[in-house]
Amino acid sequence: MTSEMITAAASGTWKLGDLEVNRIGFGAMRLPQTGGALVPAAVPRDREQAINVLRRAVELGVNHIDTAAFYFSPLRSANELINRALAPYPDDLVIATKVGPCRDAAGQWAPHARTPEQLRGQVEENLRQLGRDHLDVVNLRVVGTDSIAERFGALAELRDAGLIRHLGISNVTAEHLAEAQAIAPVVCVQNMYGIGVRPEDDAFVRGCGEQGVAFVPFYAVAGTGRETGASGGDSAEVLAIARAHGASPAQVRLAWTLHRGPHVLAIPGTGDPDHLVDNVAAGALRLSEAELAVLDGLHRGAA
């Protein structure tokens, strides 16, 4: 598969509320430094390279960028890089961010924001860093299984006030989604998911589609490698399918997630211009029914 000149439009589109996006987007976590903003002692990313990757992503048709104020390293902030690279923002660009997790100035994790005042502070921090008067999509990032009603309700009030256009939830269960939907519309769910990663969530992924809610898997390529990236230990099945298409294993993994339903969006992240081109091109990779059956079997085998 030739990656050059394939744009994100090849992946198809989905609407986050009234905002139409191409199904291949871009995750900003890896912009501040190699290995990602959440990896201790990683090497700071070259600033101009990060800015150029963002601009190239938009040139390639990416109009859905996932970020967070807590994506920062000692020298770089993902939100600041996005602002520097892309403002004034294209009219069709959708920037989704997350609130809940907290890091202090030294990068150490602190207790999650839980009160309305803390969550509003995080929303305002994202607005300042991105140079926006409203946020397109704000995802409430959750840890644990306790009720999210108070926190999601606080974000719904900020939506009513015009600071947020649409709401989503991250790292959640079907029960969380039902709880949130009873308060305000949810346009997307962000959960860890990929080949062999959380096959027990298959029904939840389908259920999101049935409700018209986008499902946005993170670590779809890295899998259990999470912030540190893919381990390189791809199975023989993935490698064989990649060879058959002249593609990389990462492209096969991204294509498989997109084949899970028209409501599934991808947000692969990279600070490497060549990897960016390959990630975008994965949206054009069409897997056969036989190949999907092989990959689905590999996926379920991890259950």
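In segment 268-303, which residues are more than 22 Å from the chain's Cα centre (by Cα), exposed (fewer than 13 other Cβ atoms within 10 Å of the Cβ) and farther than 15 Å from Thr257 by Cα?
Residues satisfying the conditions are Ala290, Gly301, Ala303.
In segment 34-89, what residues are crowded, with 24+ Cβ neighbours inside 10 Å and part of a strand (DSSP E or B)?
Scanning segment 34-89 gives His64, Ile65, Asp66.
Can you name the residue in segment 90-115 that is in a strand (DSSP E or B) and touching a helix residue (DSSP H, G or I) at 6+ places or on another chain (Cβ under 7 Å) and, of all such residues, is nearest to Leu140 (Cα to Cα)?
Val99
Among the residues in segment 144-152, are any closer than 21 Å to Phe215 by Cβ and surrounded by fewer than 20 Cβ atoms within 10 Å (Cβ to Cβ)?
yes
Being β-branched (Val, Ile, Thr) and either closer than 14 Å to Phe218 by Cα or free of Cβ contacts under 8 Å to residues at least 12 places away in the same chain (or both) is the filter here; which residues of segment 240-274 pass it?
The answer is Thr257, Val264, Ile267, Thr270.
Given the criterion farther than 19 Å from Gln108 by Cβ and either in contact (Cβ under 8 Å) with a residue 12 or more places away in the chain or under 14 Å from the mean Cα position of the chain (by Cα) (or both), identify the matching residue among Val53, Val39, Val43.
After applying the criteria, what remains is Val53.
Does segment 271-303 hold any residues that are among the polar types (S, T, N, Q) and out of contact with any strand residue (DSSP E or B) (no Cβ under 8 Å at 6 or more places or on another chain), and which are they?
Ser288
Under the condition of being among the acidic types (Asp, Glu) and under 18 Å from Leu81 (Cα atoms), which residue from segment 117-143 is surrounded by the most Cβ atoms within 10 Å (Cβ to Cβ)?
Per the stated criteria, the residue is Asp136.
Before we move on, is Gln211 at pLDDT 95 or above, under 15 Å from Ile148 (Cβ atoms) and within 20 Å of the chain's Cα centre (by Cα)?
no
The values are calculated or read from the model by the stated rules, or taken from the named source; none is laboratory data. Everything numeric in this text was worked out from a predicted model, so none of it was measured. Because the Cβ atoms are built from the backbone with ideal geometry, glycine has one as well, and the counts that use them run over all protein chains shown.
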